[in-house]
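> Sharing a structure with you now.
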Amino acid sequence: MLGAERVTKIIDILNERGSVKIDELADKFRVSSMTIRRDLEKCRRMGLIHRCYGGAISKDEVIGESEYNEKISSHKKDKKKIAAYCARLVHTGDSVYLDAGTTSLAIAEALCDTPNISVITNDLRIALLLSSRRVSVTMLGGIVQPSTFSAIGSLTVDQLRDIHVDIAFVGVSSINDDFEVTTPTSEKVFVKRAINESADKTYLVTDFSKFHKQALHRINNLSDFTGVITTGAKFTEEEKSRITDSKINMIAV
């Protein structure tokens, strides 16, 4: 098969499925992974696809940052259920990291009356809420992202690496079919990875609408978390088997 023909077929597959892996394409076309990488890079330069970790994504399938007002008004009941469960994991005297996001804001509201806790966050709204309720809050510095009211960037990462907390709750914009956590913003990759390194226990918090979606940048895998706290989980038997094999601690609330 000629290279041009193979590239056309790759685009057809992406248009049909939304995303594809390098190894999968290499097996399908019986060529090396390096050949597929060159094909995908050619497609990227032509503006036809987005490259991602281990593969490529159709431009129509890439998740971007949603507006804050849109996020805060969606899945309110799910966020309250998640927040109530998370609040039971926090004990008097604990140090807690709350990642930016509307689910984390719901957790902050649920923690307002937990005595003698210390909260570290990169979310401006969370910091304002908890400080008004006389909770001890440390606000991380960095570049403020207007769409999320949160601090990101190298300063945020450096400060995270200098702290240690008992428990951390991490938000997410998308989880792909390989149970990888992804984000549309490259700076968030390093912030969220640093959180995992700074906490004894780290929980990913998300409603089920974030599953089966792909953003441009890979952060890590669900197996990297102490647990994944979610609502409305509806996995196939094949997915349940992969969750078990990958030792992902899925907590449905």
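> Name the residue that is surrounded by the fewest Cβ atoms within 10 Å (Cβ to Cβ), counting only residues in the stretch 120-144 that are in contact (Cβ under 8 Å) with a residue 24 or more places away in the chain and within 23 Å of ASP207 (Cβ to Cβ).
Restricting to residues being in contact (Cβ under 8 Å) with a residue 24 or more places away in the chain and within 23 Å of ASP207 (Cβ to Cβ), the top hit is LEU124.
> Here's something else I'd like to know. Cβ-Cβ distance below 9 Å, separation of 6 or more or different chains: which pairs start in the stretch 4-33 with a residue that is aliphatic (A, V, I, L, M) and end on one that is modelled with pLDDT of 90 or more and not in a helix (DSSP H, G or I)?
LEU25/VAL31; ALA26/SER32
> Could you check the stretch 25-34 and list, in sequence order, the residues that are out of contact with any helix residue (DSSP H, G or I) (no Cβ under 6 Å at 6 or more places or on another chain) and surrounded by 15 or more Cβ atoms within 10 Å (Cβ to Cβ)?
Across the stretch 25-34, the qualifying residue is only VAL31.
> In addition: Could you check the stretch 84-118 and list, in sequence order, the residues that are without any contact (Cβ under 8 Å) to a residue 24 or more places away in the chain and touching a Phe, Trp or Tyr at 6+ places or on another chain (Cβ under 9 Å)?
Selection gives nothing.
> Sticking with this structure for a sec: Does at least one position in the stretch 189-200 carry a residue that is among the polar types (S, T, N, Q), within 22 Å of ASP94 (Cβ to Cβ) and not assigned by TED's automatic domain parsing to the domain that holds CYS52?
Looking for residues that are among the polar types (S, T, N, Q), within 22 Å of ASP94 (Cβ to Cβ) and not assigned by TED's automatic domain parsing to the domain that holds CYS52, one finds at least one in the stretch 189-200, hence yes.
> Being crowded, with 16+ Cβ neighbours inside 10 Å and at pLDDT 80 or above is the filter here, so list the residues in the stretch 38-53 that pass it.
Residues of the stretch 38-53 that are crowded, with 16+ Cβ neighbours inside 10 Å, as a first pass: 39-40, 43, 48-50, 52.
Scanning the stretch 38-53 gives ASP39, LEU40, CYS43.
> Search the stretch 135-187 for residues being in contact with a strand residue (DSSP E or B) (Cβ under 6 Å, 6 or more places away or on another chain) and assigned to a helix (DSSP H, G or I), and hand back the single one that is farthest from LEU124 (Cα to Cα).
SER186
> Tell me the residue from THR230, THR236 that is more than 18 Å from ALA168 (Cβ to Cβ) and outside the structural domain of ARG51 (by TED's automatic domain parsing), please.
THR236
> Go through the stretch 206-226 and give me each residue that's out of contact with any helix residue (DSSP H, G or I) (no Cβ under 7 Å at 6 or more places or on another chain) and either outside any strand (DSSP E or B) or surrounded by fewer than 17 Cβ atoms within 10 Å (Cβ to Cβ) (or both).
PHE208, SER209, LYS210, HIS212, LYS213, ALA215, LEU216, ASN221, LEU222, SER223, PHE225, THR226
> In the list VAL157, VAL170, which residue meets the criterion of being surrounded by 18 or more Cβ atoms within 10 Å (Cβ to Cβ), touching a Ser or Thr at 6+ places or on another chain (Cβ under 8 Å) and either farther than 29 Å from ASP245 by Cα or of a type in the set (Val, Ile, Thr) (or both)?
None of the other options fit; the residue is VAL170.
The values are calculated or read from the model by the stated rules, or taken from the named source; none is laboratory data. All of these numbers come straight from a predicted model, not from anything done at the bench. Positions of Cβ are backbone-derived with ideal geometry, glycine not excepted, and every protein chain shown enters the neighbour counts.
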